[in-house]
Amino acid sequence: MANRQYNSLLRVLLLIAVVGVPAVTNAQDQKTDPLPTRPRSVATPDTQMSAKDERYRIGPGDVLEVLVYNHVELSRPAIRVDGRGMIRLPLLDGEIQAACKTESDLSSELTTRYLEYQKYPQVDVYVKEFNSQPVAIVGAVRTPGRFLLQRRVRLLEILTLAGGAGASAGRTIQIVHNSGAPFLCGSSNTNTTDVNEGVSVYTLKDTLRGAEAANPYLIPGDVVYLADADQVFVTGNVPRPSAINLQEPVTLSRAIIIAGGLLPQSQSKVRLVRQDTTTQAKTEQYFDLKEINKGTVPDITLQANDVVEVLREGGAKSVLRTIMGTLIPTAAALPARVVY
């Protein structure tokens, strides 16, 4: 009886073993078979270069930390890149160019050069102080300042960091390039004029909307200048005589509207005084607002430093009456003293 039970148990165990072997084999096969994957995009040299260009490139004045693992005597906690972009390190002959290289580029070069002295050198380079890539923004911005770049930055970003354009900003923004910069790594910006030309000029409106052609990458040493807007002046018989910023084209009639329009007793004719920027000679012109409103006379566009004067009815006599009307009440209010 016991033998029968033993034999039955043995047959069951053998059956389980035989059936279980294919199951385990299939599971192993499933683990070893590669899973279907999506085709990987191969990085082309162009994409590699564009990614590389976004990384910070070392320049003169930067302070580096060089760590050679297991060799404290070769490490340097702070080493400044000299004005020519060079550094010196123990055991390595001559100077090493650090400028225009990324941290990983310089690490790879130093690792290769230390192979002469170590079997498996491991060298890491870190930028501790970023001093080599300053740009400045001045003029009609809310917070003019100087910025030390740790990555590539476009014009619109610097303008935003400076608080944006001020209320008196003009219509153009300029980049003054430092042609004497010792290192301009890589190709210069394709969206700007050549660095040797000195100045690149863009339309502020295009820059603010992020247009590619008006939003270039800045180059170390660049100075961004946002000029104040040109002005015209409205005087005479208007509620608010004032200076008007020419942030966009302004016509004669619009300038008068900005100044509050015409006061009572105003003439329909206005006087425009314009100064020639070359000879400094002044010329006077008269325009009839009624004719402009009818469309029989063109509504001219004002130029920088134009003076628009709204005249009163009566001409000089009217002006004299205005002056007397102001002086007489003032004189009447003065204290009286007796002359003996």
- Message: Yes or no: the stretch 290-304 includes at least one residue that is among the acidic types (Asp, Glu), assigned to a loop (DSSP other than H, G, I, E, B) and either at pLDDT below 90 or exposed (fewer than 12 other Cβ atoms within 10 Å of the Cβ) (or both).
- Response: no
- Pick from the stretch 159-215 the residues that are part of a loop (DSSP other than H, G, I, E, B) and touching a Ser or Thr at 6+ places or on another chain (Cβ under 6 Å): which of them is modelled with the lowest pLDDT? Thr192
- Task: Evaluate the stretch 134-144: report whether one residue or more is more than 18 Å from the chain's Cα centre (by Cα) and among the β-branched types (Val, Ile, Thr).
- Result: no
- Item | Filter result for Gly221 (surrounded by 15 or more Cβ atoms within 10 Å (Cβ to Cβ), on the phi > 0 side of the Ramachandran plot and not assigned by TED's automatic domain parsing to the domain that holds Ser168) | no
- Does Ile244 meet the test of being under 36 Å from the mean Cα position of the chain (by Cα), under 30 Å from Ile158 (Cα atoms) and not assigned by TED's automatic domain parsing to the domain that holds Arg146? yes
- Note on the structure: Inside the stretch 105-149, the number of residues satisfying the requirement of being assigned to a strand (DSSP E or B), surrounded by fewer than 13 Cβ atoms within 10 Å (Cβ to Cβ) and touching a Gly at 6+ places or on another chain (Cβ under 9 Å) is 0
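The values are calculated or read from the model by the stated rules, or taken from the named source; none is laboratory data. Bear in mind the structure is a predicted one, so any value in this text is a computation, not a measurement. In this analysis, Cβ positions are derived from the backbone assuming ideal geometry, glycine residues included, and neighbour counts consider all displayed protein chains.
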